[in-house]
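Notes follow once the structure below has been shown.
The values are calculated or read from the model by the stated rules, or taken from the named source; none is laboratory data. The shown structure was predicted, so the numbers you read here are calculated from the model rather than taken from an experiment. Cβ: placed from backbone, ideal geometry, glycine included. Neighbour counts: every protein chain shown. With ligands, DNA and RNA removed, areas are computed over all heavy atoms of the protein, side chains included. Shrake-Rupley method; radii C 1.70, N 1.55, O 1.52, S 1.80 Å.
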Amino acid sequence: MSIAAMQAIRSAGLVLRAFEDSDAEGFAAAARESAASVGPWMSWCQPAFSEQDALHWFQLCRAGLASGTAHEFGIFSLATHEFLGGAGLNSINQQHLFCNLGYWVRQTAQRRGVALHTVQALLPYAFSQLGMQRVEIVVALGNMPSEGVARKCGAQLEGVARNRLQVGGVAVPASIFAVVPRSAPELELGLGR
């Protein structure tokens with residue numbers, strides 16, 4: 001799929017769209033600003049993050065889209081076009097129809113519902129556009145803001161996996177949340193959300 005084919009999603013005052021090279025400056029500034037709040041959970045988010053680092057990430061996003069393994073989005077304010085963060089449906093498994101949903105919000109936009117509205121916009125996209133049957137949200141233990149977003153969007157905690165994520169080069173446990181579309185067999189078995 002080409003970047004042009006990946007349509008923007010507009011929801012709750014946000015625009016989620018593919019990254020453009022012109023976004024590099026705003027992305028880098030947001031990463032540097034957010035090193036204290038995002039960096040402990042996402043090792044790439046450091047005070048030295050550069051525009052070149054952002055451009056490299058955008059290339060990886062395009063490669064993931066082309067290979068069908070990821071749909072990565074920049075999160076922007078619909079009103080001001082300000083860069084607010086990033087989110088993606090990645091680690092897409094076409095055989096078993098599941099993927100990971102990850103997100104981050106720049107420090108100055110945190111606690112305003114940006115992550116929750118982003119997740120609420122990406123879940124229907126994952127199910128209807130990508131045909132997924134399961135979306136996982138994997139959260140390092142201790143990352144309470146991300147865990148709160150997962151719970152608020154209706155994801156079910158399925159357990160804690162040991163050594164599930166790498167944070168700063170260290171294997172850490174993570175809570176595994178999942179969202180599945182409601183279906184007739186699921187409802188008959190009483191397994192609905």
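Out of 27, 49, 73, report the one residue that is aromatic (Phe, Trp, Tyr), open to solvent by less than 40 Å² (accessible area, probe 1.4 Å), assigned to a helix (DSSP H, G or I) and within 26 Å of residue 147 (Cβ to Cβ).
Answer to the selection: 27.
So the check is Cβ under 7 Å with 6+ separation or different chains; which pairs have a first residue in segment 37-66 that's free of Cβ contacts under 8 Å to residues at least 24 places away in the same chain and farther than 17 Å from residue 165 by Cβ and a second one that's assigned to a helix (DSSP H, G or I) and open to solvent by 90 Å² or more (accessible area, probe 1.4 Å)?
Hits for this filter: 47/32; 49/32.
Which number in (1) without any contact (Cβ under 8 Å) to a residue 40 or more places away in the chain; (2) surrounded by fewer than 20 Cβ atoms within 10 Å (Cβ to Cβ); (3) touching a Phe, Trp or Tyr at 6+ places or on another chain (Cβ under 9 Å) marks the one condition that residue 140 misses?
Only one criterion is unmet by residue 140, namely (1).
Is it true that some residue in segment 160-167 is under 26 Å from residue 7 (Cβ atoms) and either assigned to a strand (DSSP E or B) or within 14 Å of the chain's Cα centre (by Cα) (or both)?
no
Out of everything in segment 91-118 that is under 11 Å from the mean Cα position of the chain (by Cα) and within 17 Å of residue 78 (Cβ to Cβ), what residue ends up being most open to solvent (accessible area, probe 1.4 Å)?
Here the residue is 116.
Answer yes or no as to whether residue 147 is modelled with pLDDT of 95 or more, open to solvent by 30 Å² or more (accessible area, probe 1.4 Å) and of a type in the set (D, E, K, R). Break it down into steps so the answer makes sense when it comes.
Values: modelled with pLDDT of 95 or more: yes; open to solvent by 30 Å² or more (accessible area, probe 1.4 Å): no; of a type in the set (D, E, K, R): yes.
No.
Taking the conditions exactly as written (over 27 Å from residue 168 (Cα atoms) and in a strand (DSSP E or B)), does residue 101 satisfy them or not?
No: the conditions fail for residue 101.
Filter segment 67-76 for residues that are small (Gly, Ala, Ser) and in contact (Cβ under 8 Å) with a residue 40 or more places away in the chain and give the result.
Passing the criteria: 68, 74.
Scan 148, 113, 159 and give me the residue that is more than 27 Å from residue 62 (Cβ to Cβ) and in contact (Cβ under 8 Å) with a residue 40 or more places away in the chain.
113
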